[in-house]
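Each remark here refers to the structure printed beneath this line.
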Amino acid sequence: MTKRMPKELYERELKALQAQLVDMQAWVEHTGARLVVIFEGRDAAGKGSTIKRVTEYLNPRVTRIVALPTPSARDKTRWYFQRYVSHLPAAGEIVLMDRSWYNRAGVERVMGYCTNEEYHRFLHQAPTFERMLVEDGIILLKYWFSVSDVVQEERFRSRLNDPMRRWKLSPNDVMSITKWEDYSRAKDTMFVHTDIAEAPWFEVESDDKRRSRINMIAHLLTKVPWGPVEHIEVVIPPRPASSGYERPPRQWTNSVPDVAQRMIDQARAEAEG
């Protein structure tokens, strides 16, 4: 198993990379660039937690996460890529896809949610679709998060016993254990057909989540041709003198109870008692 990255080093480097992400976002907004980053991989491979670190300090008006639900009955009658097109970025926007059109090459293929005809049509159309995106000027980056079978099972069991994260564990996720080799074959076939020069796949080893986040973000920053942007200086004006305004009495409004103060009082009482 990969040795875990020391926490202090991880936190220091993560903050430095997140500062660069803020600068990169400013460049995207300033230049009108369009960036799509696809996060794919096995269940419990750390995609969601990496996305959280990427977006932590970014402007949600510029950078948004797309995580589409199960397709509706109507969606299933449309061209497969159609429901993804409306989520692509406009000028000056970044879209992070927590799973993407590659659902068809992974879970839909393995679980039998699509027909053989639909699957093979996807493998044929996906490279063409992505070449069109890149040709139109979109920066398209695709990351595959790899996790070992042992670590994946450990994370599943951890989620099962954690009421705060149990929602992350679905029946389909658990099937990842019994269908490990099926998912492996599906991923290998997907790479053969869709690892194209215009939009290659980049693998992220993620048995150690700290390493994977650092490695993925650092790589992302090297694949976008961003540069420093001159910021508009913001001047905070002096507060003008009062013109006689008086706030209405607080009892006239509904206030949130000060639960924090009760906790402070209780903690102080316990410490003194």
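The values are calculated or read from the model by the stated rules, or taken from the named source; none is laboratory data. Note that this is a predicted model, so its numbers are computed, not measured. Positions of Cβ are generated from backbone atoms using ideal geometry, with glycine treated the same way; all protein chains shown enter the neighbour counts. Heads up: the accessible areas ignore ligands, DNA and RNA and are worked out on the full protein's heavy atoms, side chains in. Shrake-Rupley method; radii C 1.70, N 1.55, O 1.52, S 1.80 Å.
From the list 147, 62, 134, 110, the lone residue that is among the β-branched types (Val, Ile, Thr), under 24 Å from residue 190 (Cβ atoms) and within 19 Å of the chain's Cα centre (by Cα) is 147. When the strands (runs of 3 or more DSSP E) confined to region 1-118 are screened for residues that are open to solvent by 30 Å² or more (accessible area, probe 1.4 Å), of a type outside the set (Val, Ile, Thr) and free of Cβ contacts under 8 Å to residues at least 60 places away in the same chain, those reaching at least 1 such residues are found at 63-66, 93-98. Residue 47 meets the conditions (1) touching a Leu at 6+ places or on another chain (Cβ under 8 Å); (2) within 14 Å of residue 141 (Cβ to Cβ) in every case but one. The failed one is (1).
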